[in-house]
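The values are calculated or read from the model by the stated rules, or taken from the named source; none is laboratory data. Just so we're clear, the structure is a prediction, and the values are computed from it rather than from any experiment. Neighbour counts run over all protein chains shown; Cβ positions are idealised from the backbone, glycine included. Areas reflect the complete protein model, heavy atoms only, side chains present, ligands, DNA and RNA absent. Shrake-Rupley method; radii C 1.70, N 1.55, O 1.52, S 1.80 Å.
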Amino acid sequence: MSIHHYQLLSSPEDTRLTSPAMVTLGVGVTSLVLLGCLFNDYLLNYPQDTQFQIESAAVSGLNVSSDLSYLSGTWDITLLVTNPNHKGTVTCNSLQASLYKTYQPWLATNDAPPFFVDTANNTRVNLKFGLVSRYIGHEVADEISQGIATRGTVSFGLMMEVRFTYRTKIWDKWDGQDSGLLELQCHPIQFRFSPNNNTFTANSTICREG
């Protein structure tokens, strides 16, 4: 009985498949795929701007002096701040708000304390402005007085500078922080006289960049 010995020989193709170059290529392709997935996840979760709107506003004690030069009143404004991001939080480090009327320089300013808005959530921020016999000039005072007398309405504007910090999650891990500045205008805020409580109230107003 004869015994046959068989020897498995590697083909050139097999040698190429196990060469260091092919291993390096495989690692490179895998890395590109992972980077592509990471980049795609980043684009899908790229932070959207925080949304601001005036939810409610009221003016009490609004008064224009008899010589049509001075303005008094107290403004109470509630902002609704919404974070539309599902994988990112927002910290508003500072919010400076300025009340104005047409081209009149700022009537009053106020700062809100820092606040936090969680993912896909909202919060409310209260602002108050007070004027006591603030000189506004004859033209602006006359416009306010005429609007109250003829239509029972008066409009003002609100400008805000908001410094914020985003923190975004990618693959359920916190990525680095991204800070920025939003310059917003809420205008016009249309106040209508309410005889029941002797105040002027306003409906919701969207704040836009600009």
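Positive contributions from Lys and Arg (+1) and negative ones from Asp and Glu (-1), summed over other residues with Cβ under 13 Å from the Cβ of ARG163, come out at -4. Ordering LYS87, LYS128, LYS101 by accessible surface, largest first, gives LYS128, LYS87, LYS101; the 1.4 Å probe counts only protein heavy atoms, with every chain in place. Surface calculation, 1.4 Å probe, protein heavy atoms: HIS187 sits at approximately 100 Å² accessible.
Classify the stretch 88-210 as rounded, prolate or oblate from the Cα gyration tensor: take a ≥ b ≥ c as the square roots of its eigenvalues, call it rounded if a/c is under 1.5, otherwise prolate when a/b beats b/c and oblate if not. Since a/c reaches 1.5 and a/b is larger than b/c, the shape of the stretch 88-210 is classed as prolate. Here the spin labels are modelled as points 7 Å beyond Cα on the Cα-Cβ line, and at GLU161 and SER72 they lie 3.2 nm apart.
Residue by residue, the stretch 147-153 carries 3J(HN,Hα) couplings of x, 5, 5, 9, 10, x, 10 Hz when phi is fed to the Karplus relation 6.51 cos²θ - 1.76 cosθ + 1.60 (θ = phi - 60°); x denotes Gly or Pro. Annotation: SER72 carries an accessible surface of approximately 30 Å², with a 1.4 Å probe and no ligand, DNA or RNA atoms counted.
Sort the stretch 72-152 into rounded, prolate or oblate with this rule: let a ≥ b ≥ c be the square roots of the eigenvalues of the Cα gyration tensor; rounded if a/c is under 1.5, and if a/c is not under 1.5, prolate when a/b is larger than b/c, oblate otherwise. Since a/c reaches 1.5 and a/b is larger than b/c, the shape of the stretch 72-152 is classed as prolate.
Of the residues TYR70, TYR100, the one with the largest accessible area comes first in the ranking TYR70, TYR100, computed with a 1.4 Å probe on protein heavy atoms. Amide H contacts for CYS207 (H built 1.01 Å from N in the peptide plane; partners 5 or more residues away or on another chain; cut-off under 5 Å): PHE52, GLN53, ILE54.
In terms of accessible area, using a 1.4 Å probe and ignoring ligands and nucleic acids, LEU62, LEU99 rank largest first as LEU62, LEU99.
Amide H contacts of LEU62 (H built 1.01 Å from N, in plane; Pro and chain starts excluded): THR74 sit under 5 Å, all sequence-distant by 5 or more or on other chains.
The stretch between PHE115 and TYR135, if pulled fully straight at 0.36 nm per residue, gains 3.9 nm over its current Cα-Cα span.
The residues neighbouring LEU71, those whose beta-carbon lies less than 15 Å from its own, together hold a net charge of -2 under the Lys/Arg +1, Asp/Glu -1 convention. Taking 0.36 nm per residue of separation and subtracting the current Cα-Cα distance, fully stretching the chain between HIS86 and THR123 would add 11.8 nm.
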